[in-house]
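Encoded as structure tokens, the structure appears first; notes follow it.
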Amino acid sequence: MAFPAPDPDLAADLIRGRGDVDGLFAEACRLRDEGKGRTITYSRKVFIPLTTLCRDRCTYCTFAKPPGAGGAYLEPEDVMSIARSGEAAGCTEALFTLGDLPEERWPQARAFLNERGLVSTIEYVARMSERVVEETSLFPHANPGVMSEADIVALRPSNLSMGLMLENVSRRLTGIGMPHHGSPDKEPAVRVATIEAAARRDVPFTTGLLIGIGETIEEIVDSLLAIHRLDRGGIQEVIIQNFRAKADTPMRRDPEPTVQFTARVAAAARWILGGRVNLQVPPNLTDRFEVYLGAGINDWGGVSPLTIDWVNPEAPWPHLDELRARTEAAGFRLAPRLPAYPEYLDDRWIDPVLLPAALDAVDDEGYALAPQAIA
């Protein structure tokens with residue numbers, strides 16, 4: 001019997017573990033196999049934390065730090081040193097991650113930018129992305145927080161793809177005592193506007209949910225439906241990221257989502273979003289991460305052989321050999337990809353500055369070549 005069409009009330013019940021959960025997992029896998037086959041992808045990346053300064057005050061975050069306590073910008077040569085080390089280690093992606101608009105909160109951030117003749121942190125992202133493209137074989141992926149359409153236009157010639165986690169569409173999470181209070185860039189409408197701007201500019205875009213930060217199950221479903229409504233073909237990847245409690249944060253004692261709950265959310269995401277979207281759960285945030293293959297995912301995201309996960313520094317990446325062995329043991333093929341997925345490597349989605357090099361870096365299926373095979 002066919003599984004029902006996506007329905008908000010049914011989705012909430014299934015995420016709670018009520019009803020035909022086995023049927024949900026079967027439907028998620030059917031949609032994944034129909035849309036993506038039995039290939040699971042990942043990106044060999046190097047993580048470049050361009051600045052750990054941020055104007056937001058999220059209560060679960062250890063990435064953002066104030067000046068004098070680790071909050072700073074990387075100098076250009078530090079950025080290039082990381083990029084060159086990544087290139088030598090066989091990476092193909094330079095992931096630029098940073099805090100949102102630190103110059104709006106910290107005088108030290110404004111001073112750093114002024115000293116270098118920069119108007120904004122986004123301009124620094126563009127400058128360093130351009131250097132990475134010019135001086136290495138890596139392809140940047142910009143994850144700089146909220147972006148205007150002008151920001152996206154400026155970054156597109158040097159970034160193969162971009163991303164911004166929606167996290168959750170509920171404004172309730174910005175209220176007093178909630179995790180996004182005092183964080184203007186976590187206003188859902190602002191984040192939705194960034195996703196819409198990327199769609200207008202034909203940018204392969206990554207978004208997703210952060211689950212376990214105090215949201216209700218109904219808010220999870222609402223957020224998945226919001227992503228589905230926003231998708232006009234440019235949302236290349238949706239991440240279901242499980243909250244991990246961190247020391248020295250206000251949420252250090254909050255419970256983490258169980259593996260079973262995370263898997264049900266991932267399966268519901270596949271059911272709601274369908275077989276076209278690439279679906280990821282990060283493998284470094286769960287010990288037996290291969291369980292998510294049974295929930296319909298088809299991607300492990302960026303995995304670095306060199307740098308830590310600066311957002312979750314307590315959670316090391318699996319070794320690439322282990323990732324391959326555990327993926328293949330579950331009956332799948334593991335294939336490396338560029339920051340943009342194979343189906344986006346054409347002149348609609350990729351800037352002409354980057355497209356020739358991107359096509360030279362992939363095989364006939366659009367998967368990333370081994371480093372020694374790249375011309």
Exercise for the section: Could you identify the single residue in GLY212, GLY275, GLY233 that is surrounded by fewer than 22 Cβ atoms within 10 Å (Cβ to Cβ), in contact with a helix residue (DSSP H, G or I) (Cβ under 9 Å, 6 or more places away or on another chain) and on the phi > 0 side of the Ramachandran plot? Expected result: GLY233
Exercise for the section: Can you tell me which residue within the stretch 26-61, out of those that are among the aliphatic types (A, V, I, L, M) and in contact (Cβ under 8 Å) with a residue 40 or more places away in the chain, is farthest from TRP271 (Cα to Cα)? Expected result: LEU53
Exercise for the section: Go through (1) β-branched (Val, Ile, Thr); (2) closer than 28 Å to ARG264 by Cα; (3) touching a Gly at 6+ places or on another chain (Cβ under 7 Å) one by one and return the number of the condition THR216 breaks. Expected result: (3)
Practice task
Provide a single number: the residues in the stretch 194-209 that are touching a residue at least 60 places away in the same chain (Cβ under 8 Å) and either under 21 Å from PRO102 (Cβ atoms) or part of a loop (DSSP other than H, G, I, E, B) (or both).
Solution key: 3
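Here's the yes/no breakdown for (1) acidic (Asp, Glu); (2) closer than 27 Å to ARG105 by Cα:
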| residue | (1), (2) |
| --- | --- |
| LEU164 | no, yes |
| THR174 | no, yes |
| ARG191 | no, yes |
| ILE195 | no, yes |
| ASP202 | yes, no |
| LEU230 | no, no |
Problem - Residue tally, condition in contact (Cβ under 8 Å) with a residue 24 or more places away in the chain, farther than 24 Å from GLN236 by Cβ and basic (Lys, Arg), over the stretch 166-193 - result: 1
Problem - From the options GLY294, GLY331, residue that is under 28 Å from GLY23 (Cα atoms), assigned to a loop (DSSP other than H, G, I, E, B) and either in contact (Cβ under 8 Å) with a residue 40 or more places away in the chain or of a type in the set (S, T, N, Q) (or both) - result: GLY331
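The rows are residues; the columns are (1) of a type in the set (A, V, I, L, M); (2) outside any loop (DSSP other than H, G, I, E, B); (3) at pLDDT 95 or above; (4) surrounded by fewer than 16 Cβ atoms within 10 Å (Cβ to Cβ).
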| position | (1), (2), (3), (4) |
| --- | --- |
| LEU306 | yes, no, no, no |
| VAL311 | yes, no, no, no |
| ARG326 | no, yes, yes, no |
| ALA340 | yes, no, yes, no |
Exercise for the section: Kindly establish whether ASP364 is closer than 30 Å to ARG200 by Cβ, free of Cβ contacts under 8 Å to residues at least 40 places away in the same chain and not in a strand (DSSP E or B). Expected result: no
Handout entry: Leading residue by the ranking (surrounded by the most Cβ atoms within 10 Å (Cβ to Cβ)) among those in the stretch 1-37 that are under 30 Å from TYR367 (Cα atoms) and of a type in the set (D, E, K, R)
Key = ARG32
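The values are calculated or read from the model by the stated rules, or taken from the named source; none is laboratory data. Everything numeric here is computed off the predicted structure, so don't read it as measured data. Using ideal geometry, Cβ is built from the backbone for each residue, glycine included, and neighbour counts are taken over all protein chains shown.
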